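Report on one structure; see the data block that follows.
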Amino acid sequence: MAQEPAQFALKADLAEPAGGLIARLLELPGLPPVQMSLDGTGPAAAWRGKLAASAGDAALDADLGIGYGP
């Protein structure tokens, strides 16, 4: 009997106000509010997800993938 591949699900949301810890650690000019969201699912050998982040006027939207195998 074939075994189902291991599944990996990840969801994380982060929001901090202006002057927060992340802005300070990254030394972001003006210490803007920071928001991040990561969401993905799939088999451990071919996981896919999306990352969205913003800090002040800067923004990032990315498709992510992690895979391994022969």
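The values are calculated or read from the model by the stated rules, or taken from the named source; none is laboratory data. All of these numbers come straight from a predicted model, not from anything done at the bench. All Cβ positions, even for glycine, are placed from backbone atoms using ideal geometry, and neighbour counts span all protein chains on display. Keep in mind that these areas ignore ligands, DNA and RNA; they rest on the heavy atoms of the full protein, side chains included. Shrake-Rupley method; radii C 1.70, N 1.55, O 1.52, S 1.80 Å.
For the reader, a short list of remarks on this structure follows.
- Filter result (in contact with a strand residue (DSSP E or B) (Cβ under 8 Å, 6 or more places away or on another chain) and either closer than 17 Å to Asp57 by Cβ or basic (Lys, Arg) (or both)) within segment 6-25: Lys11, Ala15, Glu16, Gly20, Ile22, Ala23
- The set of residues in segment 28-55 being at positive phi, out of contact with any helix residue (DSSP H, G or I) (no Cβ under 7 Å at 6 or more places or on another chain) and modelled with pLDDT of 95 or more consists of Gly30 alone.
- Qualifying positions in segment 51-70 - more than 9 Å from the chain's Cα centre (by Cα) and surrounded by 13 or more Cβ atoms within 10 Å (Cβ to Cβ): Ser54, Ala55, Gly56, Ile66
- Matching residues, segment 1-50, being open to solvent by 80 Å² or more (accessible area, probe 1.4 Å), acidic (Asp, Glu) and under 22 Å from Leu64 (Cβ atoms): Asp13
- Near pairs, Cβ below 8 angstrom, 6+ apart or cross-chain, from segment 36-57 (closer than 19 Å to Glu16 by Cβ and free of Cβ contacts under 8 Å to residues at least 24 places away in the same chain) to any residue that is open to solvent by less than 40 Å² (accessible area, probe 1.4 Å) and aromatic (Phe, Trp, Tyr): none
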